[in-house]
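Since every read-out is calculated from the coordinates, none of them should be taken as a lab result. Everything numeric in this text was worked out from a predicted model, so none of it was measured. Every residue, glycine as well, gets a Cβ built from its backbone with ideal geometry; the counts of neighbours run over all protein chains shown.
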Amino acid sequence: MVDTRAPSRLVIGSDDPVCAQTIEQLHAGMIAPRLFVGLESAELIKLGSNAALASRVALANELARISVE
């Protein structure tokens, strides 16, 4: 729950400044640095973040598997 309320960053992807401002207002209660980028950049950031998370999970699983053997 802590990660949901206080993420490491809040990436707001929009090509429309009014929409970006609305999204920021919707997330006003979140304590996180905000990064305003275009749609393509936001998508790339999401893909990179997911790939990094998947790598960490895979490493943890592999270390767990090795330690059991």
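How much net charge surrounds Ile23 when only other residues with a Cβ under 12 Å from its Cβ are counted (Lys, Arg +1; Asp, Glu -1)?
On the way: positive: Arg34; negative: Asp16, Glu24.
Once all neighbours under 12 Å are counted, the net charge is -1.
In the chain, with Lys and Arg counted as +1 and Asp and Glu as -1 at Cβ, which of these residues, Ser55, Ala6, Ala28, has the Cα nearest the positive end of the dipole, that is, farthest along it?
Of the options given, the answer is Ala6.
Over the chain, what is the relative contact order in percent, taking alpha-carbon pairs closer than 8 angstrom and at least six residues apart?
Rounded, it is 33 percent for the chain.
Specify the angular offset, from 0 to 90 degrees and rounded to the nearest 10, of the alpha carbon long axis of helix 17-26 from the longest principal axis of the alpha carbons in the chain.
Helix 17-26 and the main axis of the chain meet at about 60 degrees.
Report, in debye and to the nearest 20, how large the dipole of the chain comes out about its Cα centre when Lys and Arg carry +1 and Asp and Glu carry -1 on their Cβ. Could you put the intermediate results ahead of the total?
Numbers: 6 positive and 8 negative charges, 54 e Å.
So the magnitude is around 260 debye.
Please state the equivalent ellipsoid semi-axes for the chain: what are the square roots of 5 times the Cα gyration tensor eigenvalues, largest first, in whole Å?
Working: eigenvalues 212, 46, 7 Å².
Result for the chain: semi-axes of 33, 15, 6 Å.
With θ set to phi - 60°, apply the Karplus curve 6.51 cos²θ - 1.76 cosθ + 1.60 along region 48-62 and write out the HN-Hα couplings as whole Hz, x wherever there is a Gly or Pro.
x, 5, 5, 5, 5, 5, 4, 5, 5, 5, 4, 5, 4, 5, 5
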